[in-house]
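Report on the following structure.
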Amino acid sequence: MIIPTAFHALKSSRSISWSPTGRLQQTLAGCLELSGISLHSGKVSKVKLCPEFAGRGRYFDFKSNFIPASIDYAEDSPLCTTLSKDGFKIRTVEHLLSAMEAMGVDNCRIEITNEDAKDSEVEVPIFDGSAGKWVDAIEEIGLKLAIDQCGNFCEKMAPHVNQPVHVWRNDCFLIAFPATAVRITYGINFPQVPEIGCQWFFTAPLDNKFYAEQIAPSRTFCIYEEVEQMRNMGLIKGGSIENALVCSVSKGWINPPLRFHDEPCRHKVLDLIGDLSLFARLGSQGIPVAHLVVYKDIDQIAGFILMQGGHATHANFVRCLLENI
(Lines give C-alpha, C1' and ligand atoms only; values in the text may rest on other atoms or scores of the structure.)
Protein backbone atom coordinates (compact mmCIF):
# COMPACT_ATOMS: atom_id res chain seq x y z
CA MET A 1 0.00 0.00 0.00
CA ILE A 2 1.23 3.53 -0.82
CA ILE A 3 0.68 6.16 1.85
CA PRO A 4 1.01 9.89 0.96
CA THR A 5 2.00 10.59 4.58
CA ALA A 6 4.32 13.49 3.88
CA PHE A 7 1.74 15.36 1.78
CA HIS A 8 -0.43 16.03 4.82
CA ALA A 9 2.49 16.97 7.08
CA LEU A 10 4.36 19.37 4.76
CA LYS A 11 3.19 22.96 4.65
CA SER A 12 2.81 24.91 1.42
CA SER A 13 2.26 28.55 0.50
CA ARG A 14 1.92 30.69 -2.60
CA SER A 15 5.71 30.83 -2.88
CA ILE A 16 6.59 27.21 -2.04
CA SER A 17 4.45 24.13 -2.55
CA TRP A 18 5.06 20.39 -2.14
CA SER A 19 4.10 17.97 -4.91
CA PRO A 20 4.57 14.25 -5.48
CA THR A 21 7.66 13.37 -7.53
CA GLY A 22 6.06 10.25 -8.98
CA ARG A 23 8.60 8.16 -7.10
CA LEU A 24 8.57 6.29 -3.80
CA GLN A 25 10.93 7.02 -0.94
CA GLN A 26 14.13 4.99 -0.86
CA THR A 27 16.78 3.89 1.59
CA LEU A 28 20.02 1.91 1.39
CA ALA A 29 19.80 -1.79 0.57
CA GLY A 30 22.24 -2.53 3.40
CA CYS A 31 24.77 -0.95 5.73
CA LEU A 32 28.06 0.54 4.58
CA GLU A 33 30.98 1.84 6.60
CA LEU A 34 33.82 4.22 5.73
CA SER A 35 36.50 5.89 7.80
CA GLY A 36 39.11 8.55 7.17
CA ILE A 37 40.81 11.69 8.36
CA SER A 38 38.78 14.86 8.96
CA LEU A 39 39.68 18.09 7.20
CA HIS A 40 39.59 20.57 10.07
CA SER A 41 40.16 18.55 13.26
CA GLY A 42 42.69 16.22 11.67
CA LYS A 43 41.15 13.32 13.60
CA VAL A 44 40.08 9.99 12.16
CA SER A 45 36.34 9.35 12.19
CA LYS A 46 34.16 6.43 11.14
CA VAL A 47 30.75 6.70 9.47
CA LYS A 48 28.25 3.86 9.15
CA LEU A 49 25.22 4.40 6.93
CA CYS A 50 22.21 2.23 7.77
CA PRO A 51 18.78 1.68 6.18
CA GLU A 52 15.90 3.54 7.80
CA PHE A 53 12.09 3.50 7.67
CA ALA A 54 10.24 5.69 5.19
CA GLY A 55 9.32 9.06 6.61
CA ARG A 56 12.27 9.15 8.99
CA GLY A 57 14.55 11.14 6.70
CA ARG A 58 18.29 11.42 7.24
CA TYR A 59 19.77 11.90 10.70
CA PHE A 60 23.06 11.49 12.54
CA ASP A 61 23.58 9.22 15.54
CA PHE A 62 26.54 10.43 17.60
CA LYS A 63 26.93 8.73 20.98
CA SER A 64 23.19 7.89 20.93
CA ASN A 65 22.35 11.56 20.35
CA PHE A 66 20.16 11.96 17.28
CA ILE A 67 20.67 15.08 15.16
CA PRO A 68 18.40 15.41 12.10
CA ALA A 69 20.05 16.56 8.87
CA SER A 70 17.82 19.62 8.93
CA ILE A 71 18.29 23.38 8.68
CA ASP A 72 16.69 23.55 12.14
CA TYR A 73 20.00 22.30 13.57
CA ALA A 74 22.45 24.08 11.26
CA GLU A 75 24.79 26.69 12.69
CA ASP A 76 27.24 29.07 11.04
CA SER A 77 30.80 27.80 11.07
CA PRO A 78 33.87 28.66 8.98
CA LEU A 79 34.60 26.58 5.91
CA CYS A 80 31.97 23.89 6.47
CA THR A 81 28.37 23.11 7.39
CA THR A 82 27.79 22.09 10.99
CA LEU A 83 24.78 20.50 12.70
CA SER A 84 24.34 21.02 16.44
CA LYS A 85 21.93 19.78 19.08
CA ASP A 86 22.11 19.59 22.89
CA GLY A 87 25.82 20.43 22.93
CA PHE A 88 26.83 17.84 20.32
CA LYS A 89 28.13 18.92 16.91
CA ILE A 90 28.62 17.18 13.58
CA ARG A 91 30.94 19.13 11.29
CA THR A 92 31.60 19.08 7.53
CA VAL A 93 28.40 17.25 6.64
CA GLU A 94 27.94 18.84 3.21
CA HIS A 95 29.74 16.30 0.97
CA LEU A 96 28.00 13.28 2.49
CA LEU A 97 24.58 14.94 2.42
CA SER A 98 25.17 16.13 -1.13
CA ALA A 99 25.80 12.57 -2.29
CA MET A 100 22.78 11.21 -0.41
CA GLU A 101 20.44 13.91 -1.72
CA ALA A 102 21.58 13.53 -5.32
CA MET A 103 21.70 9.72 -5.32
CA GLY A 104 18.25 9.30 -3.76
CA VAL A 105 19.05 8.11 -0.24
CA ASP A 106 15.94 9.64 1.31
CA ASN A 107 16.01 7.88 4.66
CA CYS A 108 19.15 6.90 6.54
CA ARG A 109 20.62 6.59 10.01
CA ILE A 110 24.15 7.97 9.93
CA GLU A 111 26.19 6.57 12.81
CA ILE A 112 29.41 8.51 13.38
CA THR A 113 32.26 8.05 15.85
CA ASN A 114 35.82 9.29 16.27
CA GLU A 115 38.94 8.22 18.10
CA ASP A 116 38.31 10.36 21.21
CA ALA A 117 35.45 9.07 23.34
CA LYS A 118 35.34 12.34 25.30
CA ASP A 119 34.67 14.58 22.29
CA SER A 120 31.30 16.30 22.00
CA GLU A 121 32.15 17.17 18.40
CA VAL A 122 32.87 14.93 15.44
CA GLU A 123 33.64 15.57 11.80
CA VAL A 124 32.74 13.63 8.66
CA PRO A 125 35.86 12.34 6.83
CA ILE A 126 37.10 14.43 3.92
CA PHE A 127 38.59 11.56 1.80
CA ASP A 128 39.94 13.19 -1.40
CA GLY A 129 37.94 16.40 -0.94
CA SER A 130 35.09 15.32 -3.21
CA ALA A 131 31.88 13.31 -2.82
CA GLY A 132 33.15 10.56 -5.10
CA LYS A 133 33.83 7.98 -2.41
CA TRP A 134 30.33 8.39 -0.96
CA VAL A 135 28.77 8.00 -4.40
CA ASP A 136 30.82 4.88 -5.12
CA ALA A 137 29.84 3.34 -1.78
CA ILE A 138 26.14 4.12 -2.30
CA GLU A 139 26.19 2.67 -5.81
CA GLU A 140 27.95 -0.47 -4.57
CA ILE A 141 25.52 -1.20 -1.73
CA GLY A 142 22.47 -0.15 -3.78
CA LEU A 143 19.07 1.25 -2.88
CA LYS A 144 15.69 -0.26 -2.07
CA LEU A 145 12.19 1.09 -1.57
CA ALA A 146 11.69 2.23 2.01
CA ILE A 147 8.67 1.12 4.02
CA ASP A 148 7.26 2.75 7.11
CA GLN A 149 6.79 0.94 10.42
CA CYS A 150 3.42 -0.37 9.22
CA GLY A 151 4.93 -1.88 6.09
CA ASN A 152 3.62 0.79 3.70
CA PHE A 153 5.47 2.58 0.93
CA CYS A 154 5.51 6.40 1.02
CA GLU A 155 5.41 8.88 -1.82
CA LYS A 156 8.45 11.11 -2.22
CA MET A 157 7.52 14.77 -2.24
CA ALA A 158 9.49 17.70 -3.65
CA PRO A 159 9.31 21.43 -2.90
CA HIS A 160 8.48 23.65 -5.89
CA VAL A 161 9.31 27.34 -6.10
CA ASN A 162 6.24 29.17 -7.45
CA GLN A 163 7.56 32.72 -7.08
CA PRO A 164 11.16 34.00 -7.17
CA VAL A 165 12.95 33.68 -3.83
CA HIS A 166 16.31 35.30 -3.15
CA VAL A 167 18.91 36.00 -0.49
CA TRP A 168 22.19 37.90 -0.55
CA ARG A 169 25.11 38.29 1.78
CA ASN A 170 27.86 40.80 1.07
CA ASP A 171 28.95 39.98 -2.48
CA CYS A 172 27.15 36.62 -2.71
CA PHE A 173 23.58 36.03 -3.89
CA LEU A 174 21.27 33.08 -4.50
CA ILE A 175 18.04 33.38 -6.48
CA ALA A 176 15.50 30.64 -7.23
CA PHE A 177 13.20 31.06 -10.22
CA PRO A 178 10.19 28.83 -10.96
CA ALA A 179 11.12 25.94 -13.27
CA THR A 180 9.85 22.51 -14.24
CA ALA A 181 13.06 20.74 -13.17
CA VAL A 182 16.04 21.35 -10.91
CA ARG A 183 18.63 23.47 -12.71
CA ILE A 184 21.66 25.17 -11.20
CA THR A 185 23.74 28.04 -12.57
CA TYR A 186 26.71 28.82 -10.35
CA GLY A 187 29.38 31.48 -10.79
CA ILE A 188 32.54 32.34 -8.86
CA ASN A 189 35.10 35.06 -9.51
CA PHE A 190 38.69 35.23 -8.18
CA PRO A 191 40.22 38.16 -10.06
CA GLN A 192 43.32 38.07 -7.83
CA VAL A 193 43.92 34.36 -8.55
CA PRO A 194 44.30 34.10 -12.34
CA GLU A 195 44.31 30.30 -12.49
CA ILE A 196 40.79 30.29 -11.01
CA GLY A 197 39.47 33.59 -12.33
CA CYS A 198 35.81 33.75 -13.29
CA GLN A 199 34.04 30.42 -13.72
CA TRP A 200 30.45 29.43 -14.45
CA PHE A 201 28.89 26.00 -14.34
CA PHE A 202 25.39 25.07 -15.46
CA THR A 203 23.65 21.78 -14.78
CA ALA A 204 21.28 20.15 -17.19
CA PRO A 205 18.21 18.89 -15.33
CA LEU A 206 19.91 17.38 -12.30
CA ASP A 207 19.78 13.59 -11.98
CA ASN A 208 21.94 11.01 -10.22
CA LYS A 209 23.91 10.09 -13.36
CA PHE A 210 24.84 13.70 -14.11
CA TYR A 211 25.73 14.25 -10.47
CA ALA A 212 27.88 11.13 -10.20
CA GLU A 213 29.85 11.90 -13.35
CA GLN A 214 30.01 15.70 -13.48
CA ILE A 215 29.74 17.01 -9.90
CA ALA A 216 30.68 14.39 -7.31
CA PRO A 217 34.35 14.02 -8.44
CA SER A 218 35.09 17.74 -7.99
CA ARG A 219 37.36 18.50 -5.03
CA THR A 220 37.42 21.28 -2.48
CA PHE A 221 40.07 23.95 -3.00
CA CYS A 222 41.97 26.67 -1.20
CA ILE A 223 44.46 29.47 -1.84
CA TYR A 224 48.06 28.60 -0.96
CA GLU A 225 48.78 32.05 0.50
CA GLU A 226 45.98 31.58 3.04
CA VAL A 227 46.93 28.14 4.35
CA GLU A 228 48.99 29.45 7.27
CA GLN A 229 46.25 31.89 8.25
CA MET A 230 43.61 29.17 8.25
CA ARG A 231 45.79 26.85 10.34
CA ASN A 232 46.39 29.65 12.83
CA MET A 233 42.60 29.82 13.14
CA GLY A 234 42.53 26.13 14.11
CA LEU A 235 41.23 25.05 10.69
CA ILE A 236 42.38 22.51 8.05
CA LYS A 237 44.53 20.55 10.53
CA GLY A 238 43.93 17.47 8.39
CA GLY A 239 44.27 19.29 5.08
CA SER A 240 46.86 18.24 2.49
CA ILE A 241 47.38 18.09 -1.25
CA GLU A 242 45.78 14.63 -1.03
CA ASN A 243 42.38 16.01 -0.03
CA ALA A 244 42.21 19.51 -1.53
CA LEU A 245 43.24 21.42 -4.61
CA VAL A 246 45.70 24.18 -3.73
CA CYS A 247 46.16 27.23 -5.96
CA SER A 248 48.83 29.89 -5.57
CA VAL A 249 48.21 33.48 -6.60
CA SER A 250 51.54 33.68 -8.41
CA LYS A 251 52.40 30.06 -9.24
CA GLY A 252 49.02 28.59 -10.14
CA TRP A 253 47.93 25.08 -9.18
CA ILE A 254 50.27 23.38 -6.72
CA ASN A 255 48.87 19.87 -7.24
CA PRO A 256 47.52 19.45 -10.77
CA PRO A 257 45.97 18.02 -12.82
CA LEU A 258 42.41 19.20 -12.32
CA ARG A 259 39.63 16.72 -13.04
CA PHE A 260 37.67 19.46 -14.84
CA HIS A 261 38.82 22.85 -16.10
CA ASP A 262 36.15 24.44 -13.89
CA GLU A 263 36.55 22.05 -10.95
CA PRO A 264 36.39 24.79 -8.25
CA CYS A 265 33.02 25.99 -9.53
CA ARG A 266 31.67 22.45 -9.81
CA HIS A 267 32.68 21.83 -6.20
CA LYS A 268 30.62 24.82 -5.12
CA VAL A 269 27.63 23.15 -6.82
CA LEU A 270 28.41 19.99 -4.84
CA ASP A 271 28.37 22.04 -1.62
CA LEU A 272 25.15 23.78 -2.63
CA ILE A 273 23.31 20.48 -3.10
CA GLY A 274 24.50 19.28 0.30
CA ASP A 275 23.41 22.48 2.01
CA LEU A 276 20.02 22.57 0.28
CA SER A 277 19.42 18.97 1.35
CA LEU A 278 18.80 20.44 4.82
CA PHE A 279 15.37 21.55 3.57
CA ALA A 280 14.27 17.89 3.34
CA ARG A 281 11.49 16.75 5.65
CA LEU A 282 10.12 13.28 6.38
CA GLY A 283 12.05 11.59 3.59
CA SER A 284 11.18 14.24 1.03
CA GLN A 285 13.47 15.88 -1.51
CA GLY A 286 15.46 18.77 -0.08
CA ILE A 287 16.64 20.67 -3.13
CA PRO A 288 13.75 22.72 -4.54
CA VAL A 289 12.44 22.29 -8.06
CA ALA A 290 13.63 25.62 -9.45
CA HIS A 291 16.32 27.27 -11.51
CA LEU A 292 18.88 28.21 -8.85
CA VAL A 293 21.29 31.00 -9.77
CA VAL A 294 24.24 31.61 -7.43
CA TYR A 295 27.18 34.01 -7.73
CA LYS A 296 30.13 34.81 -5.47
CA ASP A 297 32.72 37.47 -6.21
CA ILE A 298 36.06 37.68 -4.41
CA ASP A 299 37.79 41.03 -5.06
CA GLN A 300 40.70 40.38 -2.72
CA ILE A 301 42.84 37.43 -1.66
CA ALA A 302 40.48 35.90 0.88
CA GLY A 303 39.45 32.61 -0.62
CA PHE A 304 38.39 31.04 2.64
CA ILE A 305 35.70 33.75 2.85
CA LEU A 306 34.20 32.21 -0.28
CA MET A 307 33.75 28.91 1.51
CA GLN A 308 32.35 30.51 4.63
CA GLY A 309 30.13 32.99 2.81
CA GLY A 310 28.96 30.32 0.37
CA HIS A 311 27.77 27.91 3.06
CA ALA A 312 26.19 30.76 5.04
CA THR A 313 24.35 32.01 1.96
CA HIS A 314 23.12 28.51 1.14
CA ALA A 315 21.84 28.07 4.71
CA ASN A 316 20.20 31.51 4.71
CA PHE A 317 18.40 30.57 1.51
CA VAL A 318 16.99 27.41 3.09
CA ARG A 319 15.83 29.49 6.08
CA CYS A 320 14.24 31.89 3.60
CA LEU A 321 12.32 29.00 2.02
CA LEU A 322 10.98 28.10 5.46
CA GLU A 323 9.97 31.71 6.11
CA ASN A 324 8.09 31.77 2.79
CA ILE A 325 6.11 28.75 3.98
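The values are calculated or read from the model by the stated rules, or taken from the named source; none is laboratory data. These figures come from a predicted structure and were not determined experimentally. Cβ atoms come from the backbone with ideal geometry, glycine included; neighbour counts cover every protein chain shown. What goes into the accessible areas is simple: the full protein's heavy atoms, side chains included, and nothing from ligands, DNA or RNA. Shrake-Rupley method; radii C 1.70, N 1.55, O 1.52, S 1.80 Å.
For the condition of a type in the set (D, E, K, R) and either at positive phi or open to solvent by 10 Å² or more (accessible area, probe 1.4 Å) (or both), what is the one hit in D136, D106?
D136
Might you check whether a residue that is assigned to a loop (DSSP other than H, G, I, E, B), under 15 Å from the mean Cα position of the chain (by Cα), under 24 Å from S41 (Cα atoms) and in contact (Cβ under 8 Å) with a residue 24 or more places away in the chain occurs anywhere in region 115-122?
No, because not a single residue in region 115-122 is assigned to a loop (DSSP other than H, G, I, E, B), under 15 Å from the mean Cα position of the chain (by Cα), under 24 Å from S41 (Cα atoms) and in contact (Cβ under 8 Å) with a residue 24 or more places away in the chain.
Being modelled with pLDDT of 95 or more and either under 14 Å from the mean Cα position of the chain (by Cα) or in a helix (DSSP H, G or I) (or both) is the filter here; which residues of region 287-313 pass it?
I287, P288
Do we have any residue at all in region 209-227 that's in a strand (DSSP E or B), open to solvent by less than 30 Å² (accessible area, probe 1.4 Å), among the aliphatic types (A, V, I, L, M) and in contact with a Gly (Cβ under 9 Å, 6 or more places away or on another chain)?
yes
In region 56-71, what count of residues is obtained for those that are open to solvent by 30 Å² or more (accessible area, probe 1.4 Å) and either in a loop (DSSP other than H, G, I, E, B) or among the aliphatic types (A, V, I, L, M) (or both)?
Selection size over region 56-71: 3.
Please determine whether any residue of region 83-103 is hydroxyl-bearing (S, T, Y), open to solvent by 10 Å² or more (accessible area, probe 1.4 Å) and touching a residue at least 60 places away in the same chain (Cβ under 8 Å).
For region 83-103, residues hydroxyl-bearing (S, T, Y), open to solvent by 10 Å² or more (accessible area, probe 1.4 Å) and touching a residue at least 60 places away in the same chain (Cβ under 8 Å): absent.
If the requirement is being open to solvent by 80 Å² or more (accessible area, probe 1.4 Å) and over 20 Å from E94 (Cα atoms), which of these qualifies: W253, W200?
Only one candidate qualifies: W200.
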